[in-house]
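A quick write-up on the structure given underneath.
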Amino acid sequence: MSELVVDDLVAGYGDARVLHGVRFTVKQGEVCAILGPNGAGKTTLLRALSGMVRTRGTVTLGGTELSGRSPDTIARLGVAHVPEGRGTFMPLTVEDNLRLGAFVRRGRAEVDSDLDRIYTYFPVLKTRLKQAAGSLSGGEQQMLAIGRALMLRPRLLLLDEPSLGLAPLVTRELFRIVQAINAEEQTTVVVVEQNAHLALGIAQQAHVLETGRIVLSGTAEEIRADEQVAQSYLGYRV
Ligand SMILES: Nc1ncnc2c1ncn2[C@@H]1O[C@H](COP(=O)(O)OP(=O)(O)OP(=O)(O)O)[C@@H](O)[C@H]1O
Ligand SMILES: [Mg+2]
C-alpha cells in the first residue's frame, strides 16, 4: 500500500510552470530520495506537497487528498516540511522553536514528552534550550528544524537539502539521525538532496528530477549502480 501517491502533479509560479506532470508513490515507512540538478524543481515539488504553491493533479497521503488544501490543513493532516534554509525563527529560543512545532496539538504533558523524545535524537538541543536559534551553528540549526518538524508527529516528513552548507561529518551524523527517526517512528520521508551519495544511503527508492519531470526512477541500489546515468542526469558521480 502506498502512503504517498503523487499523480500528474503540475505546479509553478504565476504563469511559469515548473513541474510538468510528476508521478511517483512512496510506501509507508520508506525513505524516498529526490535527486536532480539545480533548478530541476525539487524545492517546488516539496512546496507542492505541503500546499505552498498552487498545483494541478492529485496528491494523497494515506488515502486522504492533500491537493488543493492550505498549508495549515496539510500540516494538520500530518505533513511536516523542513524547508530549504531551515525556516527556524532566529530570534526565538530553541525551546520556543520546538514548542511552535506542536502548534496543531494541545496538551502540555504530551508536548513535554515529545520534547524529551526529540532530545534523545538531538541531545545537543537540550543543552541550548534558552539560546536564540540564530546563535546555533548550521548543523544545530538543521537539527532544530528537523526537531521542530517532529513535534508535529508527522506521518510524512519532507526534507529539503538538509546537508546544505554543512561539513561532511555533521551531514553524516544528521543523516544517521534521520535514518533512526524513520526506523523508530515509522515516519515516511521524502528527502531532496544534492548529495546523492548520502541520500541514496538512507533511501529505498529514488527519483531523478530534471526540468520538472521525473526522468529516472528505481531502487537506491539501481540508481547508485548506474554511473553513466548518474553522470548524465545528475552531472556528478554518486
Ligand atoms: N518563488 C519563485 N518564483 C518564481 N520562480 C521560482 C520561484 N522559486 C523557484 N522558481 C523557479 O522554479 C524553477 C525550479 O526551482 P526550484 O527551487 O524548485 O529548483 P531546485 O531543484 O530546488 O533547485 P536547487 O537545487 O538550486 O535548490 C527554477 O527555474 C526557479 O527559478
Ligand atoms: Mg531547491
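The values are calculated or read from the model by the stated rules, or taken from the named source; none is laboratory data. This is a predicted model, so every value here is computed, not measured. Cβ coordinates were reconstructed from backbone atoms using ideal geometry, including for glycine residues, and neighbour counts include every protein chain displayed.
Before moving on, here are some points about what is shown:
- Residue match in the stretch 50-63 (condition: in contact with a Pro (Cβ under 9 Å, 6 or more places away or on another chain), within 16 Å of ligand 2 (Cβ to nearest atom) and not polar (S, T, N, Q)): yes
- The helices (runs of 4 or more DSSP H) found wholly in the stretch 1-110 and carrying at least 2 residues that are in contact with a Lys or Arg (Cβ under 8 Å, 6 or more places away or on another chain) and surrounded by 15 or more Cβ atoms within 10 Å (Cβ to Cβ) occupy 94-100.
- Filter result (buried (at least 19 other Cβ atoms within 10 Å of the Cβ), under 15 Å from the mean Cα position of the chain (by Cα) and within 16 Å of ligand 2 (Cβ to nearest atom)) within the stretch 136-169: GLN142, ALA145, LEU158, LEU159, ASP160, GLU161, PRO162, SER163
- Any hit, the stretch 180-194, residues being assigned to a loop (DSSP other than H, G, I, E, B), among the aliphatic types (A, V, I, L, M) and modelled with pLDDT of 95 or more: no
- Taken as a whole, the structure leaves ILE223 outside the set of residues that are modelled with pLDDT of 95 or more, over 12 Å from the mean Cα position of the chain (by Cα) and either within 13 Å of ligand 1 (Cβ to nearest atom) or not basic (Lys, Arg) (or both).
- Per-region count, the stretch 31-47, residues among the aliphatic types (A, V, I, L, M) and within 15 Å of ALA11 (Cβ to Cβ): 4
- Some residue of the stretch 63-76 being modelled with pLDDT of 95 or more and over 30 Å from GLY39 (Cα atoms): yes
- The set of residues in the stretch 116-136 being polar (S, T, N, Q) and free of Cβ contacts under 8 Å to residues at least 24 places away in the same chain consists of THR120, THR127, SER135.
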